[in-house]
1. Just list whichever of 221/331; 252/331; 294/331; 104/294; 104/221; 101/252 have alpha carbons separated by over 24 Å in the model shown.
2. Sequence gap at least 6, Cα distance under 8 Å: using those rules, report the relative contact order of region 196-242 to the nearest whole percent.
3. Given points 7 Å out from each Cα along the Cα-Cβ axis, report the residue 112 to residue 320 separation in nanometres with one decimal.
4. Translational diffusion coefficient, Stokes-Einstein: compute it for region 8-350 using the Kirkwood radius over C-alpha pairs as Rh, at 20 °C and 1.002 mPa s, and state it as an integer in µm² s⁻¹.
5. Among 327, 282, 344, which residue has its Cα furthest toward the positive end of the charge dipole of region 203-359, with +1 on Lys/Arg Cβ and -1 on Asp/Glu Cβ?
6. Pick out, in residue order, every one of the trypsin sites (Lys or Arg not before Pro) in region 168-251 that is DSSP loop and has at most 14 other C-beta atoms within 10 Å; say none if there are none.
7. How large is the dipole of region 8-350 about the Cα centre if only Lys and Arg carry +1 and Asp and Glu carry -1, each at its Cβ, rounded to the nearest 20 debye?
8. Show the residues, 5+ positions off or on another chain, whose built amide H is closer than 5 Å to the amide H of residue 230.
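Read-outs throughout are calculated quantities, based only on the coordinates presented, and are distinct from any laboratory measurement. What you see is a predicted model, and the numbers here were worked out from it, not measured in a lab. Ideal geometry is used to build each Cβ from the backbone, glycine not excepted, and the neighbour counts take in all protein chains shown.
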Amino acid sequence: MFALVLGNFYNPPYRTTDRSCHGFHPGSKRGLDMPALLILLLTIAGWSFTAQAWAFGDLGHRTVGAIADAQLTPETRAAVRTLLRSGETLATVATWPDEVKRAKKNLGPLTHDAEAQRFNEDFPDNREWHYVDLPLDTAVYTEGAVGSRLNDIVQTIQRCIRVIESQTVSDHEMTRAQALRWLVHLLGDLHQPLHLGSGYYRFDAQRQAHLITDPHEAAGKDEDRGGTLLLTAAEEQLHAFWDDRLVNEVAKGRSYLELAQDLLAQGHQGAWDGDGSYHHWVDQWAVEGIRLGKSAYERLVFGTAQFDGDHTGLRKITITLPRGYEQDEAKIVEQQLAKAGYRLAAILNALRFPAAASH
C-alpha cells in the first residue's frame with residue numbers, strides 16, 4: 001500500500017490528483033516475541049469495531065506499522081514509547097498524516113482536532129510530502145533530478161530522521177512525536193511504486209500517449225502524477241488501483257492484525273536490508289521502488305489523452321490493464337507490505353534516540 005500500497009498503501013479510492021493521502025536484519029524467521037505479541041493483542045479491541053470504516057489505504061499502512069511493532073529491539077521499543085501517547089502503537093499512528101490531510105478538507109476524525117489544524121497551518125505543503133515524481137528509468141536519486149523536490153518523500157523521510165534524533169527541536173519544526181508518525185507513514189508510501197515513479201509522455205496528432213521513461217527526455221514533458229491521471233474505461237485511477245484494490249486483493253478480508261501476523265510468519269529476506277549507513281537506505285529503496293514502478297507501467301496499453309480546454313494541462317489518459325494484471329501485481333504488493341514493515345523496524349532500531357529529549 002500500497003498508496004504498495006502501498007499510501008495510502010493507502011489513500012481513499014478514486015482520488016483525483018492527490019497522492020498524499022502507502023544492511024539490517026530486524027529479526028530472522030522467528031515468531032512474535034511476547035512484548036510484541038502483547039502490543040498487537042492489546043489493540044485488537046480498537047481495531048475490531050472500526051475495521052469496516054477503514055479505507056484499504058489505512059489497512060496497508062497499519063499493516064506496515066504492526067509488522068514493525070513486532071520487530072523492535074527492547075531499547076528501541078522503550079525509546080519509541082516515549083514518543084507515543086498511552087495506548088498508541090506504530091500501527092495506530094501510521095495513518096495520522098493522511099488523517100491530517102483529510103482534516104484540511106473537513107473530513108475524517110481529526111476535522112476538529114487542534115493539533116491537526118495547527119499542523120496544517122504550520123506546514124501547508126504537507127500533502128506533497130507523500131510522493132516524488134521520478135521518471136521510470138531514474139537510476140539514482142539525487143536532489144534536483146527531474147521530478148524531485150526539496151519537500152518530496154525522500155527528503156521528508158530524511159527530515160523526520162533528523163528531527164527524531166535531535167536533542168532539541170526548533171519551534172518552527174514538527175515535534176519529535178509528529179516526526180515519528182510521519183516516518184511510519186512514509187516508509188509505507190515509499191514502498192508503493194506509484195509514490196516514487198511517474199509516467200512522462202509525448203503525444204501525436206491524434207493525442208495518442210507515448211510513454212517516456214528516460215529522465216533527460218522526460219524533462220519538461222507532461223506527466224501523470226504517479227498514475228492519478230491514468231484512468232481505465234471504468235474511470236478507476238491506476239494510483240487508486242495500487243493504493244486500494246491491490247491491498248484488498250492481498251488482504252482477502254483479513255484485518256491488518258491478521259495480515260501482519262501472516263506476513264511476519266513468512267519471515268525476513270536478507271535482500272531487503274539496506275547497504276551502508278542507514279542515512280542512505282531511503283535513497284536506495286526509492287530507486288528500487290522506481291524499478292517496480294516501471295514494471296507496473298510496462299504492460300499497460302495507453303490510449304488517447306484529454307487536455308484542458310486551452311491544451312495547457314493534461315487531464316487524463318485512458319489505459320487498458322492486461323489480463324492477469326491484478327493478480328500479478330498483488331504479489332508485488334504483498335511483498336512490499338512486508339518489506340516496508342521490516343525496513344521501518346530496521347531504521348527505527350538504527351536511530352540514535354537522544355536521552356531525555358523534548359518531544
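1. In this structure, 221/331; 104/294; 104/221; 101/252 exceed 24 Å between Cα atoms.
2. The value is 33 percent.
3. 5.2 nm
4. The calculation lands on 106 µm²/s.
5. 344
6. Qualifying residues, ordered by number: 207.
7. Numbers: 35 positive and 46 negative charges, 120 e Å.
Magnitude of the dipole: close to 580 debye.
8. Excluding prolines and chain starts, which carry no amide H, the hits are 238, 239, 317.
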